[in-house]
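Here is the structure we will look at.
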Amino acid sequence: MKSEKTAKIAIIGSGYMGGGMAQVFALAGHKCVIADADSFIAQRSFDRLLSEAKAFEEQGLFAPGSTTVIAKNLSYAQSIEEASAQADYIAEVVPEVIEIKKEVLTRISDSANKNAIIASNTSAIPIAKLSVFVSNPVRFLGVHWMNPAPFVPGVEVIASPTTSEEILQFVERLVGGVGKVTSRVSDIAGFVANRLQFALYKEAVTMVEEGSATPEQVDTVVSNTFGFRLALFGPLAIADMAGLDVYVGAYKSLTDAYGERFSAPQSLLEKTSGGDYGLKTAGGFAGLDGNRSDEIAAYRNRAYAALSQLKKDLGPPPGFPI
């Protein structure tokens, strides 16, 4: 298998998601080709990506000289087949419609080298469901970036039952090598990020529909309270730091109000009934070191203060209600 440091990349689907991925790979020194439904769309995306990179550079979001590096390494193909034929790693980044993904993955699979790795950037479709469209599915996996790709660090890596461990490790090195933080997650619908994100979104819309809060109230509360904390810690670590006994008490109130859909998770009840209240009893879900609780609290406080100052420095987003 070719070294992940010199792998040639093809991005099939050159919109804002795929285009952002292409910028990242090209900026990291990979030869990267984009393709789309036709060559006109691919060329238009190529021009946009260079203009966008120039703007990012002027705004200080990309380092000086980044546009030149991207222009050197990025190109566009006349077709999906042309882009796929010479690539070592091919990412499918087309709309979240299984019929479209079937067509594109089949075309990629038919034209790619038999050893080329094929990845889907699907947001929620299980990889096992898509793997049937790929020949030699041992080389197929999910690699889910988040938009905007140049600036969001996390990337989910998802294996189907047929994906080889060698392929998984190669892709983790490849994606990690361009500055991203990879997390290998289970092949379930929505994976981790979108299963959680869409659960929150549904509850937020439900609150608006029932008149419990306005959209502005929901977004203001979330972005300045637990959403603020989520920029630095995951939900399990936050609960461990707060105290799992506190969470059990809150779930009781929520269950009284909304029924069993808000009942406490069984494993949470088991932990607290056994005296495990999270960090304060050197336990919990996140594996935090209870002997370093003072250090953890000090880091948390510094981090929250820095993030609070960043929000003040940036000011409110343009066009948003204040």
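The values are calculated or read from the model by the stated rules, or taken from the named source; none is laboratory data. Computed from a predicted structure; not experimentally measured. FYI the Cβ positions are ideal-geometry reconstructions off the backbone, even for glycines, and counts take in every protein chain you see.
Scanning the stretch 272-297 for residues that are among the small types (Gly, Ala, Ser) and under 17 Å from residue 232 (Cα atoms) gives 286, 287, 293, 297.
Please determine, by comparing only the residues of the stretch 195-215 that are assigned to a helix (DSSP H, G or I), free of Cβ contacts under 8 Å to residues at least 12 places away in the same chain and more than 22 Å from residue 158 (Cβ to Cβ), which one is nearest to the chain's Cα centre (by Cα). Residue satisfying both the conditions and the ranking: 202. The set of residues in the stretch 276-292 that are without any contact (Cβ under 8 Å) to a residue 40 or more places away in the chain and more than 10 Å from residue 244 (Cβ to Cβ) comprises 282, 287, 289, 290, 291, 292.
Selection of the stretch 264-280 for residues being surrounded by 14 or more Cβ atoms within 10 Å (Cβ to Cβ) and modelled with pLDDT of 95 or more yields 264, 268, 269, 271, 272, 276, 277, 278, 279. Residues that are touching a residue at least 40 places away in the same chain (Cβ under 8 Å), part of a helix (DSSP H, G or I) and surrounded by 15 or more Cβ atoms within 10 Å (Cβ to Cβ) within the stretch 150-194 comprise 167, 170, 171, 174, 177, 193, 194, listed in sequence order.
Residues of the stretch 33-51 that are touching a strand residue (DSSP E or B) at 6+ places or on another chain (Cβ under 8 Å) and farther than 16 Å from residue 72 by Cβ: 35, 36, 39, 42, 43, 45. Being over 23 Å from residue 174 (Cα atoms) and modelled with pLDDT of 95 or more narrows it down to one of 97, 93, so name that one. None of the other options fit; the residue is 97. Looking across the stretch 216-254, just one residue is over 20 Å from the mean Cα position of the chain (by Cα) and among the basic types (Lys, Arg), and that is 252.
For residue 40, state whether it is farther than 30 Å from residue 102 by Cα, part of a helix (DSSP H, G or I) and of a type outside the set (Lys, Arg). Considered against the rule, which asks whether it is farther than 30 Å from residue 102 by Cα, part of a helix (DSSP H, G or I) and of a type outside the set (Lys, Arg), residue 40 comes out as no. The helices (runs of 4 or more DSSP H) found entirely in the stretch 218-322 that carry 1 or more residues being over 30 Å from residue 152 (Cβ atoms) are 244-258, 266-273, 293-314. Restricting attention to the stretch 253-276, the residues being within 20 Å of residue 199 (Cα to Cα) and among the basic types (Lys, Arg) number 1.
Please indicate, with yes or no, whether at least one residue in the stretch 243-261 is within 24 Å of residue 225 (Cβ to Cβ) and in contact with a Gly (Cβ under 7 Å, 6 or more places away or on another chain). Scanning the stretch 243-261, I find at least one residue that is within 24 Å of residue 225 (Cβ to Cβ) and in contact with a Gly (Cβ under 7 Å, 6 or more places away or on another chain), so the answer is yes. Restricting the stretch 107-124 to residues that are touching a strand residue (DSSP E or B) at 6+ places or on another chain (Cβ under 8 Å) and in a loop (DSSP other than H, G, I, E, B), the residue that is nearest to residue 139 (Cα to Cα) is 116.
Report yes if some residue within the stretch 3-15 is touching a Leu at 6+ places or on another chain (Cβ under 8 Å) and either among the basic types (Lys, Arg) or outside any loop (DSSP other than H, G, I, E, B) (or both); otherwise report no. Within the stretch 3-15 (the criterion being touching a Leu at 6+ places or on another chain (Cβ under 8 Å) and either among the basic types (Lys, Arg) or outside any loop (DSSP other than H, G, I, E, B) (or both)), the answer is no, since none of the residues qualifies. Filtered by the rule that a residue be outside any loop (DSSP other than H, G, I, E, B) and more than 26 Å from the chain's Cα centre (by Cα), the stretch 59-99 gives 68, 72, 81, 82, 85. Taking the criterion of being surrounded by fewer than 22 Cβ atoms within 10 Å (Cβ to Cβ) and aliphatic (A, V, I, L, M), the residues of the stretch 42-93 that qualify are 50, 55, 61, 63, 69, 71, 85.
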